[in-house]
1. Given the options 125, 135, name the one that is among the acidic types (Asp, Glu) and under 16 Å from residue 226 (Cα atoms).
2. Within region 142-163, is even one residue more than 30 Å from residue 22 (Cβ to Cβ), modelled with pLDDT of 85 or more, out of contact with any Gly (no Cβ under 6 Å at 6 or more places or on another chain) and not in a helix (DSSP H, G or I)?
3. Scan region 158-197 for residues that are in contact with a His (Cβ under 9 Å, 6 or more places away or on another chain) and among the β-branched types (Val, Ile, Thr) and jot them down.
4. Would you tally the residues in region 181-231 being part of a loop (DSSP other than H, G, I, E, B) and exposed (fewer than 15 other Cβ atoms within 10 Å of the Cβ)?
5. Would you confirm whether or not region 36-59 contains a residue that is outside any helix (DSSP H, G or I) and either within 22 Å of residue 150 (Cβ to Cβ) or touching an Asp or Glu at 6+ places or on another chain (Cβ under 9 Å) (or both)?
6. Tally up the residues in region 24-34 that are surrounded by fewer than 14 Cβ atoms within 10 Å (Cβ to Cβ) and either of a type in the set (A, V, I, L, M, F, W, C) or in a helix (DSSP H, G or I) (or both), please.
7. Of everything in region 103-130, what is out of contact with any Phe, Trp or Tyr (no Cβ under 7 Å at 6 or more places or on another chain) and hydrophobic (A, V, I, L, M, F, W, C)? Give them in sequence order.
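The values are calculated or read from the model by the stated rules, or taken from the named source; none is laboratory data. Since the model is a prediction, treat every value here as computed from it, not as a measurement. Here the Cβ is made from the backbone with ideal geometry for all residues, glycine too, and neighbour counts use every protein chain on show.
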Amino acid sequence: MGIGKATSKDILAMGLGLLILALSAAAPLYASVYMVVMLTSVLMYVTIAVSWTLFSGPTGYISLASAAFFGAGIYTAAVSGNALPLPLVIVLGGVVGFCLAILVGALTLRLRGIYFVMFTFGLVELLLHFVMWWEVNITGTTGRVVPPVANTTVFYIMLMILVVLLLTVVCLRRSRYGLALQSIGENEEAASHSGVHVTALKTIIYGVSGLFMGAAGAVMAARWTYIDPTIAFNPLISFMPVLMAIFGGLEPLYGPIIGAIIFTYLEQILITRFPYYYMLIFGIIMVVAILYMPDGLVGLTERLWKRISEKRYADA
């Protein structure tokens with residue numbers, strides 16, 4: 001998406017987004033406690049998936065460091081939650097996620113392809129084992145307790161973070177920086193020769209992506225109340241946003257949102273009914289999505305609708 005007037009697809013996405021956000025905001029007024037908790041998980045995954053797409057979608061860089069930024073926010077809340085008010089803890093979690101992403105981006109965004117993927121996933125494992133070693137050998141703890149926050153409060157904070165994220169994505173995509181990101185994804189050398197500061201732009205947008213993941217982690221820590229390194233730096237958090245974005249579709253903004261909603265609900269069902277096989281099922285779904293839905297569920301729907309429209313036009 002470049003700079004210019006909003007298209008009909010943009011207007012449709014904005015209208016659907018506003019409707020979903022309005023219904024979500026009213027959910028605690030009529031939904032059960034379980035449903036509020038479930039919707040909070042949906043908002044968490046939507047936030048992570050859209051944050052991942054913010055950088056990886058236009059550039060084509062597949063980052064598997066989501067769990068690192070999310071976990072950094074979680075541990076920020078665990079360390080500072082007893083001393084600082086919740087809003088400040090969330091801001092601090094976002095800042096820590098941003099700084100970590102900037103550091104990682106400055107070191108690795110000159111790498112490409114499989115090397116970047118391997119480094120970002122290795123970062124998650126490095127942080128997991130480093131924090132675990134630190135907890136056992138330095139602080140002498142096996143986990144941390146985070147001050148609890150009401151489920152409704154966590155829900156509304158996650159909703160506000162998502163709203164800010166969506167506004168950020170829309171503004172970025174319609175700015176010259178969004179156009180520059182797209183040019184990087186299409187041809188990085190050509191973008192550099194045309195005057196785009198490629199490494200700096202990639203690093204900053206990667207940092208913004210980490211900021212929202214870190215803020216989401218700080219909020220969710222208050223809901224989970226107990227965390228340890230395996231919870232904070234769960235590798236699943238690195239793979240799920242990739243799967244959600246690919247399944248929903250990377251190009252339109254609502255693609256990762258649809259993918260996150262479907263997979264969050266699917267995850268709850270599979271973990272309950274098939275606790276030992278749900279990751280295998282997720283892997284099969286991802287392979288099928290890559291092979292038969294390269295543009296995601298949104299792209300598949302658009303192709304089917306186009307064929308139906310063409311058939312109706314031909315019959316007429």
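1. Result of the check over 125, 135: 135.
2. Yes: one or more hits.
3. The answer is none; no residue qualifies.
4. 5
5. Checked against the condition, which is being outside any helix (DSSP H, G or I) and either within 22 Å of residue 150 (Cβ to Cβ) or touching an Asp or Glu at 6+ places or on another chain (Cβ under 9 Å) (or both), region 36-59 yields no hits at all.
6. Matching residues across region 24-34 total 5.
7. Answer for region 103-130, where residues must be out of contact with any Phe, Trp or Tyr (no Cβ under 7 Å at 6 or more places or on another chain) and hydrophobic (A, V, I, L, M, F, W, C): 103, 104, 106, 107, 114, 117, 118, 119, 121, 123, 126, 130.
This table checks each residue for (1) under 19 Å from the mean Cα position of the chain (by Cα); (2) part of a helix (DSSP H, G or I).
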| site | (1), (2) |
| --- | --- |
| 68 | yes, yes |
| 71 | yes, yes |
| 78 | no, yes |
| 84 | no, no |
| 91 | yes, yes |
| 96 | yes, yes |
| 100 | yes, yes |
| 129 | no, yes |
